[in-house]
1. If I ask for residues that are surrounded by 15 or more Cβ atoms within 10 Å (Cβ to Cβ) and out of contact with any helix residue (DSSP H, G or I) (no Cβ under 6 Å at 6 or more places or on another chain), which ones from the stretch 245-259 would you list?
2. Among the residues of the stretch 259-269, count how many are within 29 Å of ALA196 (Cα to Cα) and either at pLDDT below 95 or within 16 Å of the ligand (Cβ to nearest atom) (or both).
3. Tell me which helices (runs of 4 or more DSSP H) are completely within the stretch 31-133 and hold 3 or more residues being farther than 30 Å from GLN377 by Cα and among the β-branched types (Val, Ile, Thr), or say none if there are none.
4. Only one of ASP159, ASP169, ASP179, ASP185 is within 16 Å of the ligand (Cβ to nearest atom) and farther than 14 Å from VAL237 by Cα; which?
5. Look at ALA148 and say whether it is more than 21 Å from the chain's Cα centre (by Cα), over 19 Å from VAL251 (Cβ atoms) and surrounded by fewer than 16 Cβ atoms within 10 Å (Cβ to Cβ).
6. If a residue must be of a type in the set (Asp, Glu), in contact with a strand residue (DSSP E or B) (Cβ under 7 Å, 6 or more places away or on another chain) and assigned to a loop (DSSP other than H, G, I, E, B), how many such residues does the stretch 204-235 contain?
7. For the stretch 316-370, what are the residues that are part of a loop (DSSP other than H, G, I, E, B), under 21 Å from ILE385 (Cα atoms) and out of contact with any Cys (no Cβ under 8 Å at 6 or more places or on another chain)?
8. Considering only residues that are within 13 Å of THR213 (Cβ to Cβ), in a strand (DSSP E or B) and more than 8 Å from the ligand (Cβ to nearest atom), which ones fall in the stretch 239-258?
Amino acid sequence: MNADPYAWIEKSLAAIHRADWYRSPVAIDNCPGPAVQLAGSQLINFASNDYLGLAGDDRLIQAAISATKEFGTGATGSRLLTGHRELHRQLEQAIANLKQTADALVFSSGYLANLGAIGSVAGARDLILSDKYNHSSLKNGAILSGAAVIEYGHCNLADLTAKLEKNRDRYRKCLIITDSVFSMDGDLCPLPELLALARQYSCMLLIDEAHATGVFGASGGGCAEHFGCTGEPLIQVGTLSKALGSLGGYVAGDAALIDFLRNRAATWIYTTGLTPADTAAALEAVKIVKQEPTRRVRLQQNIHTFKDCAIHKYQLPITDSISPIFCLPLKDAATALTVGSQLKQMGIFAAAVRPPTVSISRIRISLMATHEPAQIQQLVEALKIANPRQYSGN
Ligand SMILES: *Cc1c(COP(=O)(O)O)cnc(C)c1O
């Protein structure tokens, strides 16, 4: 045997290219905001998760700089050893306050928060019911936990009920997991109905508020607040990297749950604490989220402007949503790439999202509080010219 054991990699890469699934990062050369500097040209940015425009905010930048000067660049160890600072605790209390939960725990990323939370509360002999459109971190968290995993149709309560009815009794604990705002479609999970089912079938319910925190709810508490479900028995996961403009993730919930995670969540125990800079920036962001509801109002106005024009006036085949995430479904990956580059030529940067991230290729559009109405008009004009109707997948 002298075959190259790595030869398969070139073959797999070639298959990825053939399917138009190939991806590589593109460098953005400016501070985060509604405009991006990309390979020498200036584009309007409709691809960012920085919904409130905080990632480039001077107050977050200054908070990160002073924390770095005071505490250095690295946490130097795990939180249970040398990596814990009072700053971490302040951030956790601020998140608990925002989410109106008893406590919270910050992780190095939202992905790790999901892996840690799911793997801690569910295991062998348990059942996880997972929305078909859930984020990768929820899906992989479920797989890693060792529990039996059953997917239910996207936001399909009848399907979820049938699957609970058929399977719940055969397992010890049961956990339902769902994005609260779906990251690629922008729709919201039916939270009150999910809570009722969780109660009826004695299940835990974990919601991923990655795209909801700071965006939904009168004080930015997310979908839980939006639906009037604060105080309900929920496990709330989220990220510090989207509307909060920093890096890291969190789990918010009951005091016993958080205490248990500090003792059980491997992705929290065996990893280095958040950097002082990320922690301080996120803490500043949580303060701004609470103190400046006008950012959420601006974002909602931008959502209305876009919908009025793109969906109601021009009837472009864009999925309706009340979140800042919209999608233009397209018939295949190659079309998504074509439309993506047409938009770029017209000064618009929006993500061409293809399998395996999603099953239906699309252009994903995300709006920010800091977009000017004229920039949104420019987006709509570009979408009209790209004439997506002829490419529509359905
Ligand atoms: C982005 C995202 C995550 C991961 O958060 P990171 O902090 O970027 O790791 C988790 N869940 C959902 C739904 C997301 O969109």
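1. The initial filter retains those residues of the stretch 245-259 that are surrounded by 15 or more Cβ atoms within 10 Å (Cβ to Cβ), namely 245-253, 257-258.
Within the stretch 245-259, GLY253, LEU257, ILE258 meet the criteria.
2. Of the residues in the stretch 259-269, 1 are within 29 Å of ALA196 (Cα to Cα) and either at pLDDT below 95 or within 16 Å of the ligand (Cβ to nearest atom) (or both).
3. 58-71
4. Working: ASP159 fails: within 16 Å of the ligand (Cβ to nearest atom); ASP169 fails: within 16 Å of the ligand (Cβ to nearest atom); ASP179 fails: farther than 14 Å from VAL237 by Cα.
Result: ASP185 is the single residue among ASP159, ASP169, ASP179, ASP185 that is within 16 Å of the ligand (Cβ to nearest atom) and farther than 14 Å from VAL237 by Cα.
5. No.
6. In the first step, residues of the stretch 204-235 are kept if they are of a type in the set (Asp, Glu); the result is 208-209, 225, 232.
From the residues that got through so far, the ones that are in contact with a strand residue (DSSP E or B) (Cβ under 7 Å, 6 or more places away or on another chain) too are 208-209.
Retained after the next criterion (residues that are assigned to a loop (DSSP other than H, G, I, E, B)): 209.
Here the count works out to 1.
7. LEU316, PRO317, ASP320, LYS331, ASP332, MET346, GLY347, ALA350, SER361, LEU367, listed by residue number.
8. If the condition is that a residue be within 13 Å of THR213 (Cβ to Cβ), in a strand (DSSP E or B) and more than 8 Å from the ligand (Cβ to nearest atom), then TYR250, VAL251, ALA252 are the ones that fit.
The values are calculated or read from the model by the stated rules, or taken from the named source; none is laboratory data. Computed from a prediction, not measured in an experiment: that's the story for all the values here. In this analysis, Cβ positions are derived from the backbone assuming ideal geometry, glycine residues included, and neighbour counts consider all displayed protein chains.
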